[in-house]
1. How far is the Cα center of region A:12-65 from the Cα center of region A:86-102, in Å?
2. Work from the charge dipole of chain A (Cβ charges, +1 for Lys and Arg, -1 for Asp and Glu, about the Cα centre) and give the residue of A:Thr79, A:Gln91, A:Pro116 farthest towards its positive end.
3. Could you calculate the contour length gain from A:Lys11 to A:Met27, that is, 0.36 nm times the residue separation minus the distance between their Cα atoms, to one decimal place in nm?
4. Amide H neighbours of A:Val72 under 5 Å, counting only residues 5+ apart in sequence or on other chains, H built in-plane at 1.01 Å?
5. Excluding A:Lys81 itself, what net charge comes from residues whose Cβ is under 12 Å from its Cβ, given Lys and Arg +1 and Asp and Glu -1?
6. Please give the net charge around A:Ala40, taking every other residue with its beta carbon less than 13 angstrom from that of A:Ala40, where Lys and Arg add +1 and Asp and Glu add -1.
7. Based on Cα positions only, what radius of gyration and what Dmax would you give for chain A, in angstroms?
8. Cross-link candidates for A:Lys81: which aspartates and glutamates have Cα within less than 12 Å, leaving aside residues fewer than 8 places away along the same chain?
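Here, each number is a calculation from the coordinates, and none is a lab measurement. Every value quoted in this text rests on a predicted model; they were computed, and no experiment measured them. Note: ideal-geometry Cβ built from the backbone for every residue, glycine included; neighbour counts use all protein chains shown.
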Amino acid sequence: MRYVHQNRCIKEKVLEFYEQVYEIVRMVPKGRVTTYGAVARALGMIRSSRLVGTAMILTHGPELGVPAHRVVNRDGLLTGKHHYDTPTHMQELLEADGIVIVEDQVQNFAKVFWDPLVEL
DNA sequence: TACCTGACTATTT
DNA sequence: AAAATAGCCAGGT
């Protein structure tokens, strides 16, 4: 019993983390991008960048207002593109935002990078 | 319990 | 400077 109870507590903590991730990602302005690591760092969980990616996967099902396509890896690469309907969907969403992408690489990355720690 | 797998990063070759 | 290695942590088998 205690095992189950404990497990549930852990799960709630994770879900809480996901919610915080969504809060931040929702703030990313159109035309800018941020990174998994930057979001994790902004939440004081610098070692949990992988979890930010996991949280992004969960945004596909229900209609949350989370622009997950604006989160890329620390080099400005579209590492999450394989989780969309088509291999180009993520790129198209970003291009609709006004971002230029060449071979999965965000151009002018330093300029469009939006750091939650700095901007908030 | 043990081992594998990732929308990750930082460090070391 | 590219590639390999090594931490990371929640989930799944």
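1. Region A:12-65 and region A:86-102 have Cα centres separated by 19 Å.
2. A:Pro116
3. Contour length minus Cα-Cα distance gives 3.3 nm.
4. Placed amide hydrogens put A:Thr34, A:Thr35, A:Tyr36 under 5 Å from A:Val72.
5. Net of charged neighbours comes to -4.
6. Net local charge, A:Ala40 excluded: +3.
7. Radius of gyration, then largest Cα-Cα span, for chain A: 15.1, 53 Å.
8. Those aspartates and glutamates meeting the cut-off are A:Glu92, A:Glu103, A:Asp104.
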